[in-house]
Ligand code: NDP
């Protein structure tokens, strides 16, 4: 162990390489290298750069609103239809958020709320009706559907040109063959965070933990399309921590609160936390955040106060301690979550343009 005085701000190895590329002075590069060596030797930890998903989502919404305004001047108002079956409180919250977001960016939206007892045939009829309406550009079927409904059949029935969730097999095929199509919102949001935070993807080692059709697989495909070297992990992966630790970019889409601990993360890696888990157990809160409940650090005092008041808190799949080793990290809340709705707006406008034969897509994302 050595005691050090930091001569400069110490960057992650990744950012260090980038810094070195852009700096011309040998002296600067040498000082940075010395700092890194000292930091590694002393086991010093650095707080990760926090990637602000709320800000990035807000930028995308502004771009989509500008696009919608241009289209409105040409007499086109992109429209989204959301189907919400029955009364699932969580789904109702999501749908309200989606409808409100449409209003904010100037899109038309409508909500369909068939009863909990709806059959597959009922919902197929509704989807067909929406497929046929020209003013509807996007159709979103809020999942989960009631157990008596054949969800796959319903998702297959959505016109691929209006499939703003990007779940239709045709859009899955377009994604894997790098053709223009509609890309699932959450994984598309992951890529937006990386690109807009100037985190290089090409040539990087990316590990995606989770292989769902909704998040893990499309996230892996998007990273591959952006020229990363991609590994996909799941519940049967051996030595998950060792595989994860290879990652320059680690995407966690698991659904297990704080499962990715600092041992899974290479120092300096970029960690994207897709997970959204409600923690209600005080012992679990204590494992993740310490604080007064643990009789320890009060660093998470604000979250702890909210937890005490509400009885729950939203937590990602990445343990908060990872901020001490990662080079960059998305927070929960305020990371990937806000991007999902922003990308839904993006997809609705994109669908409206593609359906009208305009391959031109001027919003910065350009996927
Ligand atoms: P799924 O349950 O569909 O998939 C979870 C994946 O994680 C599976 O592939 C599973 O492996 C893998 N997994 C589970 N346990 C382990 C383990 N112990 N080790 C390694 N892999 C494991 O979840 P989703 O993909 O739908 O969602 C993942 C997370 O992302 C959830 O927290 C969800 O709430 C969140 N989410 C957030 C969104 C947002 O807007 N921010 C949007 C969508 C989801 P296997 O395939 O072998 O079972």
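Structural remarks
- Evaluation of residue 356 against the conditions (1) on the phi > 0 side of the Ramachandran plot; (2) at pLDDT below 95 shows that the sole unmet condition is (1).
- Residue within segment 280-287 that is within 24 Å of residue 207 (Cα to Cα), away from the ligand (no atom under 16 Å from the Cβ) and either in a loop (DSSP other than H, G, I, E, B) or in the same structural domain as residue 205 (by TED's automatic domain parsing) (or both) present: no
- Within segment 223-254, the residues that satisfy the criterion of being in a helix (DSSP H, G or I) and away from the ligand (no atom under 11 Å from the Cβ) are 223, 224, 225, 242.
- Residue within segment 51-63 that is modelled with pLDDT of 95 or more and touching a strand residue (DSSP E or B) at 6+ places or on another chain (Cβ under 7 Å) present: yes
- A single member of 180, 187, 200 is buried (at least 22 other Cβ atoms within 10 Å of the Cβ) and either over 25 Å from residue 267 (Cα atoms) or within 19 Å of the chain's Cα centre (by Cα) (or both), and it is 187.
- Members of segment 152-195 that are touching a strand residue (DSSP E or B) at 6+ places or on another chain (Cβ under 8 Å) and not in a loop (DSSP other than H, G, I, E, B): 154, 155, 162, 190, 193, 194
- Restricted to segment 255-269, and to residues there that are closer than 22 Å to residue 306 by Cβ and crowded, with 21+ Cβ neighbours inside 10 Å, the residue that is farthest from the ligand (Cβ to nearest atom) is 258.
- Qualifying residue in segment 85-93 (condition: touching a strand residue (DSSP E or B) at 6+ places or on another chain (Cβ under 7 Å) and crowded, with 19+ Cβ neighbours inside 10 Å): no
- Residue in segment 270-277 that is within 14 Å of the ligand (Cβ to nearest atom), assigned by TED's automatic domain parsing to the domain that holds residue 212, modelled with pLDDT of 95 or more and over 27 Å from residue 176 (Cβ atoms) present: yes
- Residue check, residue 219 free of Cβ contacts under 8 Å to residues at least 60 places away in the same chain, buried (at least 23 other Cβ atoms within 10 Å of the Cβ) and away from the ligand (no atom under 15 Å from the Cβ): no
The values are calculated or read from the model by the stated rules, or taken from the named source; none is laboratory data. Since this is a predicted model, take the numbers as computed values, not measurements. Virtual Cβ from ideal backbone geometry, glycine too; neighbours counted across all protein chains shown.
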